[in-house]
Amino acid sequence: MDRPRRADAERNRERVLASAEAVLARDGLSASMRAIAAEAGVGLGTIYRNFPTQEALYQAIIVRRTKALIAEAAGLTGVPDPGQAFFGYFTRVVEHAMRTKAIADLLARAGIDPKSGMAGIGRDMRHAVEALLAPAQQAGAVRPDLRMPELMAILTATCMAAEHSQWDARLRARTLAIVFDGMRPQHPPADFSSGSA
């Protein structure tokens, strides 16, 4: 008898999270719980049963967005152009960091660690990136000496720069182009020493 109720509760929770995403995209952090309830077609009580505070709701949104991003990587394995998949996913991770910064800042100001509730997600993200790195290297799109520790350091640093800088689309594109250039195979300079003068 409990199973249908649990399934219904999970559907309501997902509906609230999806609606909260939509309202946040429209209204920003001024979005009210009442507006989110109206968007979801549920009562305020349903929201508060799942998310006792607005901060708890925002925390769940970050987790949901991150899990969706990790799931994207699975759809990119085995694509015809693994280099494009790798660099495209790196870009998506940086964009994700930018998108969630405002919510993370709000949680931090409320004394809540934005990363709490994300146990194992960091590991899953690492595995997602690693699964795209190897095929890109095999295809010759990424330098063969790039290893996961360096890659994750570069990715983390780029995300932090995106979070703490006013990156517009042009600056992001130029910065990522430079970062990606460093990840591509490096061709040695031509040796002219044996050429005729």
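The values are calculated or read from the model by the stated rules, or taken from the named source; none is laboratory data. Since this is a predicted model, take the numbers as computed values, not measurements. Cβ coordinates were reconstructed from backbone atoms using ideal geometry, including for glycine residues, and neighbour counts include every protein chain displayed. Heavy atoms of the whole protein, side chains included, go into the accessibility calculation; ligands, DNA and RNA do not. Shrake-Rupley method; radii C 1.70, N 1.55, O 1.52, S 1.80 Å.
For the stretch 67-152, go through all pairs of different Cα atoms, get the mean of 1/r, take its inverse, and jot down that Kirkwood value in Å.
Details: mean 1/r = 0.0710 Å⁻¹.
It is 14.1 Å.
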* Asked: Could you give the dipole magnitude of the chain about its Cα centre, charging the beta-carbon of Lys and Arg +1 and that of Asp and Glu -1, in debye to the nearest 20?
  -> 560 debye
* Rg/Rh ratio calculated on Cα atoms of the chain (Kirkwood radius) -> 1.10
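Please report the net charge: other residues with Cβ closer than 11 Å to the Cβ of GLY120, K and R +1, D and E -1. Present the calculation step by step, with values, prior to reporting the outcome.
Values: positive: LYS67, ARG123, ARG126; negative: ASP124.
Within the 11 Å Cβ shell, the charges total +2.
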* 3J(HN,Hα) from dihedral phi, the stretch 17-24, Karplus parametrisation 6.51/-1.76/1.60, rounded to Hz, x for glycine, proline -> 5, 5, 5, 4, 4, 5, 5, 4
* Under the classification rounded if a/c is under 1.5, otherwise prolate if a/b is larger than b/c and oblate if not, where does the stretch 1-77 fall, given a ≥ b ≥ c as square roots of the Cα gyration tensor eigenvalues? -> oblate
* Keeping all protein chains in place, calculate the accessible area per residue for the chain (probe 1.4 angstrom), answer in Å². => 59 Å²
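About its Cα centre, what dipole magnitude does the stretch 4-89 give when the only charges are +1 on Lys and Arg Cβ and -1 on Asp and Glu Cβ, stated in debye to the nearest 20? Before the final figure, lay out the partial values.
On the way: 11 positive and 9 negative charges, 77 e Å.
In total the dipole reaches around 380 debye.
Put ILE61, ILE70 in order of accessible area, largest first, 1.4 Å probe: what do you get?
Details: ILE61 0, ILE70 30 Å².
Of ILE61, ILE70, the descending order of accessible area is ILE70, ILE61.
Counting only other residues whose beta carbon sits under 14 Å from that of ALA85, what net charge do I get with K and R as +1, D and E as -1? Present the calculation step by step, with values, prior to reporting the outcome.
Numbers: positive: ARG92; negative: GLU72, ASP81, GLU130.
Overall, the nearby charge balance is -2.
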* What's the carbon and sulfur percent of the chain's accessible surface, probe 1.4 angstrom, rounded to a whole number? -> 55 percent
